[in-house]
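Asker: Got a structure for you, questions after.
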Amino acid sequence: MEILNLLSKNPTVILVLFVMLITKIFPPKNINSLYGYRTANSMKSKSNWEFAQKYSTNLFLVLLSLLLLIQITLYIIYGSTRFTELSVLIGLILFVIIVLYKTEKKLKLNHSKSNE
């Protein structure tokens, strides 16, 4: 129960995980500038858009689940400390960079395959 209390003090990972679940259930159907995975490559075509939404959401869900386990582990070991909070923030930033990098790489591979 203490873990739930600590998670409620910094619910960032849970909130982002929730948003990604909503995005998975209700993905953006059309290219838009409001929500979804929006980069120049993802917005080039409808097929890029659909691929980027699915791939980035699935990757983010996996990484955020891992980050939630890391956060819980850090709370168990260190409690609610600056180290724990900073570690989770750095993890979140790192995972965003990973999602961007891997999704863009996959988009470029898909684009080159479709041009062959």
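We did not get these values from a lab; they are worked out from the coordinates using the rules stated. This structure is a prediction, so every number in the text was calculated from the model and none was measured. No Cβ is skipped: glycine too gets one built from the backbone with ideal geometry, and neighbour counts run over all protein chains shown.
Asker: Determine, for each peptide in 65-71, 76-82, the mean count of other beta carbons within 10 angstrom over its residues, then list the peptides with the highest first.
Answerer: On the way: 65-71: 16.3, 76-82: 11.6.
Taking the mean over residues of other Cβ atoms within 10 Å, the ranking is 65-71, 76-82.
Asker: Determine the calculated [θ] at 222 nm for the chain from helices alone, applying -39500 (n - 2.57) to every DSSP H run no shorter than 4 residues and normalising by the residue count; nearest 500 deg cm²/dmol.
Answerer: Values: 4 runs with 89 residues, N = 116.
Taken over the chain, the calculation gives -27000 deg cm²/dmol.
Asker: Related question: Between ILE97 and SER47, what's the calculated FRET efficiency when r is the beta-carbon distance and R0 is 30 Å? Round to 0.05. Write down the numbers at each step before the final one.
Answerer: Details: r = 25 Å, r/R0 = 0.82.
With R0 = 30 Å, the Cβ-Cβ based efficiency is 0.75.
Asker: When you have a sec, figure out the Kirkwood radius of the chain from all distinct Cα pair distances and drop it here in Å to one decimal?
Answerer: On the way: mean 1/r = 0.0648 Å⁻¹.
Kirkwood hydrodynamic radius for the chain: 15.4 Å.
Asker: Let me ask something else. Which GluC sites (Glu not before Pro) from the range 1-110 combine a DSSP loop assignment with at most 14 other Cβ atoms within 10 Å? Intermediate results must be reported in sequence, preceding the final value.
Answerer: Numbers: sites: GLU2, GLU50, GLU85, GLU104; in loops: none.
Of the GluC sites (Glu not before Pro), not one in the loops of the range 1-110 has a Cβ with at most 14 other Cβ atoms within 10 Å.
Asker: Now for a different question. If r is the Cβ-Cβ distance from LYS9 to LEU69 and R0 is 30 Å, what FRET efficiency results, to the nearest 0.05?
Answerer: Values: r = 18 Å, r/R0 = 0.59.
Computed FRET efficiency for LYS9 and LEU69: 0.95.
Asker: Additional query: With each label point set 7 Å from Cα along the Cα-Cβ vector, what nm distance links LEU34 and LYS106?
Answerer: 2.5 nm
Asker: Give me the distance in nm between label points sitting 7 Å out from Cα along the Cα-to-Cβ direction at THR81 and ILE25, one decimal.
Answerer: Once both label points are built, they end up 3.7 nm from each other.
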